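Read the structure below first, then the notes.
FYI, it's all coordinate maths here, none of it is from the lab. All values derive from a computational prediction rather than experimental measurement. Virtual Cβ from ideal backbone geometry, glycine too; neighbours counted across all protein chains shown.
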Amino acid sequence: MKITVLGGCGAWPGVGQACSGYLVEHEGFRLLLDPGYATLPRLLERVGAEEIDAVLVSHGHPDHCADLNPLLRARALGAEPPVALPVYALPGAVDAVLALDRPGMLDDSYRLDEFAAGAGFEVGPFRVASWALPHFVPNAGVRVSAGGRSVAYTGDTGPSPDVVELARGADLFLAEATYPEEVPREDHAFLSSARQAGEHAERAGVGRLLLTHLWPATPPDAALTAARRTYAGPVSVATPTTTFDL
């Protein structure tokens, strides 16, 4: 099971960066997790659009799903369009993205499989478990497992005991860490800090912590320092092309 970071910026892509996007591979199956802003060019540096086997979206904010549109365009408008791409998302989460083109243009390029947060399901060789985690819009934290390995991903979330349950014993914990130390009051219920991500990782006993969704101006060292105050294991920041072979 291999995970490649396509981007890890929160809100909008910084210079030379991309927003949330992660390629998860196992036994030749390629799952794209959260195709946020500017992730498609990063993806195409590694594989063709037609080589993606499924997409899984944590929630409907565009920094997590906007590049679903150009991905589907690249598939639908190619010389030999591939089979419809399975897209797994919460109800209504990708409606706005799918509505960007003229009606019917992309209909044959995807198959929308909506799921309720809390549900479990299979995607190719992967087993997916999900949790409803607090955010400004409905958000599903997901745990993707295959071959005895697992990656846990929060999407974007405020404080919740379910974060620890999501991450418990995971080989890789991909945790939203928009702020290094403290989350502003107006965002406190809906976003997390690197320090909180470290606390969750320590309580969950994860193998490795990967901080993502940093505010574009946040120095990575500030996030790492904050997380290391509360988590004793290996920790890094999600940067494009970083790969983890579990």
Go through region 83-91 residue by residue and turn each phi into a ³J(HN,Hα) via Karplus (6.51, -1.76, 1.60, θ = phi - 60°); whole Hz please, and just put x for glycine and proline. 4, 4, 7, x, 10, 9, 7, 5, x
As a Kirkwood estimate from alpha-carbon pairs, region 1-104 has a hydrodynamic radius in angstrom of 13.6
Could you list which residues have their amide H under 5 Å from that of Y88, counting only those 5 or more apart in sequence or on another chain, with H placed in the peptide plane? V55, L56, V57, D113
Estimated inter-spin distance, D101 and F121, nm [label 7 Å along Cα→Cβ]: 2.1
State whether the chain is rounded, prolate or oblate according to the following rule on the C-alpha gyration tensor (a ≥ b ≥ c being the square roots of its eigenvalues): a/c under 1.5 gives rounded; otherwise a/b larger than b/c gives prolate, and the remaining case gives oblate. prolate
Whose amide H sits under 5 Å from the amide H of V123, counting only residues 5 or more places off or on another chain, with H placed in the peptide plane? V128
Identify, among A129, G205, Y110, the residue whose Cα sits farthest towards the positive end of the charge dipole of the chain, taking +1 on the Cβ of Lys and Arg and -1 on the Cβ of Asp and Glu, with the dipole about the Cα centre. G205
What shape does region 148-216 have by the C-alpha gyration tensor, where a ≥ b ≥ c are the square roots of the eigenvalues, rounded means a/c under 1.5, and otherwise prolate means a/b greater than b/c and oblate the rest? prolate
Using θ = phi - 60° and the Karplus form 6.51 cos²θ - 1.76 cosθ + 1.60, what ³J(HN,Hα) does each residue of region 92-108 get, whole Hz, x for Gly and Pro? x, 5, 10, 4, 5, 5, 5, 8, 5, 9, 4, x, x, 4, 10, 4, 7
With θ set to phi - 60°, apply the Karplus curve 6.51 cos²θ - 1.76 cosθ + 1.60 along region 213-222 and write out the HN-Hα couplings as whole Hz, x wherever there is a Gly or Pro. 6, 5, 4, x, 8, 6, x, x, 4, 5
Between helix 194-204 and the chain: long-axis angle, C-alpha atoms, 0 to 90°, nearest 10: 90
